[in-house]
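K.L.:
Just passing along the structure, written as structure tokens.
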Amino acid sequence: MIELALATMIACESPTLTRGSSEAAQYVNSQTELARKLLRGSYALGWGGEEVFNELDEVQQECSETGWDGYHAEPVSPETHFLAGEFLKALPLGIPVPAVSADPDGQITLEWYISPKKTVSVSISGDGDLHFSSLNGSSSIYGTESFYGKAPRNILEAIQRLNAA
Amino acid sequence: MSDDAGPTPVANDEMLARFILFSRWFREDRTIRPDAFIPHPYPDLSVTRHTGISETQLWQFGEQVAQETERTLYGRSDVLGQAVRNVKLEPVAAPMQDNPNHVNIVGWPATKAEQKSFAQKLAANASPLVPVPQE
């Protein structure tokens, strides 16, 4: 059932930053955004509410200085923090809530985790690149996509496969 | 781990420790996130070999890093030399003045996505967090 719901949402694709400019289009967009905000507030729908956005803020605070990892990590920039938030907003409803962390190069990571050998990780850079890697048993895929306000289909499919297996 | 002939090469059955100084690099179940194994600055990942030192000495190296950077040492994750080689990386002994057991894991691919894939496999074969012993 969850698998079907995820597939449907991925098929419908996620919202995009490109919007219509007419009054009607703007009204529809604002109502859609309002509905999404309300839905995000519900744990029942599997979104984890606003918690993931709070976690994102915490990561930026914890990683705002060079060497936050005890080695030579670069700080997480405000641009990276902003883009990670936009990417989270672009995820279709029903996608499980990821855990938020950071890479030593200052990129924010979102992780979907079942077990150490079943995990999807997406690193978001300040220049809008989405570096992703999926490990699903003995199968692994990885790649880089540019983020233009829409969650790339191959990343969504990797998350879907993880949760379907 | 070195003599006049240079440092002893890292054997497949040697355990290598990655000290964890960021709380988000381990999960609630104490398994380790791949982020802990991303090499930065590229191309090396620093670890410490267990061989030839006591558990106490091993922790001292971790505490040393934590003190220098004023961070909390949460613990360490151990990975076998063989597991490193299984993902086509190479552990190379690189003794330092303050840590003669220092090892660099080298051979990382240049692209971030591929580094993530390697780090994911490494993390999948690393031990869960070994917490700092309570005194």
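K.L.:
Using 0.36 nm per residue, how much length does the chain from A:Phe82 to A:Ala164 gain when fully extended, once their Cα-Cα distance is taken away?
P.N.:
Numbers: separation 82, 0.36 × 82 = 29.52 nm, distance 3.00 nm.
Value of the extension gain: 26.5 nm.
K.L.:
Here's another thing I want to ask about it. Taking N as the number of residues in the protein assembly as shown, what is its alpha-carbon radius of gyration divided by 2.2 N^0.38 Å?
P.N.:
1.08
K.L.:
Further question on the same structure: Among B:Val106, B:Phe22, B:Ser46, which residue has its Cα positioned farthest towards the positive end of the charge dipole of the stretch B:15-135, with +1 placed on the Cβ of Lys and Arg, -1 on the Cβ of Asp and Glu, and the dipole taken about the Cα centre?
P.N.:
B:Val106
K.L.:
Averaged across A:135-147, how many Cβ atoms of other chains sit within 10 Å of each residue's Cβ atom?
P.N.:
Working: counts 8, 0, 0, 0, 0, 6, 2, 10, 5, 5, 1, 0, 0.
Neighbouring Cβ atoms belonging to other protein chains average 3 per residue here.
K.L.:
Say each of A:Ser140 and A:Ser115 gets a label point 7 Å from the Cα, pointing the same way as Cα to Cβ; how far apart are those two points in nm?
P.N.:
With each label point 7 Å from Cα toward Cβ, the separation is 1.7 nm.
K.L.:
Okay, moving on. Divide, for chain B, the radius of gyration over alpha carbons by 2.2 N^0.38 Å, where N is the residue count.
P.N.:
Ratio of Rg to 2.2 N^0.38 Å for chain B: 0.99.
K.L.:
Another question, then. Using only protein heavy atoms and a 1.4 Å probe, how much accessible area in total is buried between A and B, to the nearest 100 Å²?
P.N.:
2900 Å²
K.L.:
Something else about it: Using C-alpha positions alone, give me the convex hull volume of the stretch A:47-165 per residue in cubic angstrom. Don't skip to the answer; put the middle values down first.
P.N.:
Working: hull volume 12.0 nm³, N = 119.
Output value, Cα hull per residue: 101 Å³.
K.L.:
In a Gaussian network model over chain B where Cα atoms closer than 10 Å are linked, find which of B:Phe37, B:Phe22, B:Phe118 has the largest mean-square fluctuation.
P.N.:
Checking each option, the largest mean-square fluctuation is seen for B:Phe22.
K.L.:
Expressed as a whole percentage, what fraction of the accessible surface of the stretch B:41-135 belongs to carbon and sulfur atoms when a 1.4 Å probe is rolled over the protein heavy atoms?
P.N.:
Values: 2280 of 4500 Å².
Carbon and sulfur together cover 51 percent of it.
K.L.:
A follow-up question, please. For A:Lys150, which aspartates and glutamates qualify as cross-link partners when the Cα separation must be under 20 Å and same-chain residues fewer than eight apart are set aside?
P.N.:
Those aspartates and glutamates meeting the cut-off are A:Glu13, A:Glu33, A:Glu50, A:Glu79, A:Glu86, A:Glu111, A:Asp127, A:Asp129.
K.L.:
Given the options B:Gly107, B:Gly75, B:Gly62, which has the most mean-square fluctuation in a GNM of chain B, springs set between C-alpha atoms less than 10 angstrom apart?
P.N.:
Of the options given, B:Gly107 has the highest mean-square fluctuation.
K.L.:
Please compute the Kirkwood hydrodynamic radius over the stretch A:92-144, one decimal place, Å, based on all pairs of different Cα atoms.
P.N.:
About 11.7 Å for the stretch A:92-144.
K.L.:
Is it possible to state the helix-based mean residue ellipticity at 222 nm for the protein assembly as shown, with each DSSP H run of 4+ residues giving -39500 (n - 2.57), the sum divided by total residues, to the nearest 500 deg cm²/dmol? What is it?
P.N.:
Only helices count here, giving -10500 deg cm²/dmol.
K.L.:
What is the mean number of Cβ atoms from other protein chains located within 10 Å of the Cβ atom of each residue in peptide A:57-69, rounded to a whole number?
P.N.:
Taking the mean over all residues of the peptide, I get 2.
K.L.:
B:Val92's amide H: which non-local residues (gap 5+, or another chain) put their own amide H closer than 5 Å, with H modeled 1.01 Å from N in plane and none for Pro or chain starts?
P.N.:
Placed amide hydrogens put B:Asn104, B:Ile105, B:Val106 under 5 Å from B:Val92.
K.L.:
With charges set only on the Cβ (+1 for Lys and Arg, -1 for Asp and Glu), what does the dipole of chain B come to about its Cα centre, in debye to the nearest 20?
P.N.:
I would put it at about 700 debye.
K.L.:
How much FRET efficiency would the formula 1/(1 + (r/R0)^6) give for B:Gln97 and A:Glu65, where r is the Cβ-Cβ distance and R0 is 25 Å, rounded to 0.05?
P.N.:
0.45
K.L.:
Still on this structure: Distance between the C-alpha centers of the stretch B:27-46 and the stretch A:132-165? Whole Å please.
P.N.:
Value for the Cα centre distance between the two parts: 20 Å.
K.L.:
With every protein chain present, what is the per residue accessible area of chain B (1.4 Å probe, Å²)?
P.N.:
46 Å²
K.L.:
Additional query: I need the semi-axes of the equivalent ellipsoid of the stretch B:20-59: take the C-alpha gyration tensor, multiply each eigenvalue by 5, square-root it, list largest first in whole angstrom. Don't skip to the end; give the middle numbers.
P.N.:
On the way: eigenvalues 89, 56, 11 Å².
For the stretch B:20-59, the ellipsoid semi-axes come out as 21, 17, 8 Å.
The values are calculated or read from the model by the stated rules, or taken from the named source; none is laboratory data. Predicted model, so just to flag it, every value in this text is computed and none were measured. Counting neighbours? That spans all protein chains shown, and the Cβs are built from the backbone with ideal geometry, glycine included. Keep in mind that these areas ignore ligands, DNA and RNA; they rest on the heavy atoms of the full protein, side chains included. Shrake-Rupley method; radii C 1.70, N 1.55, O 1.52, S 1.80 Å.
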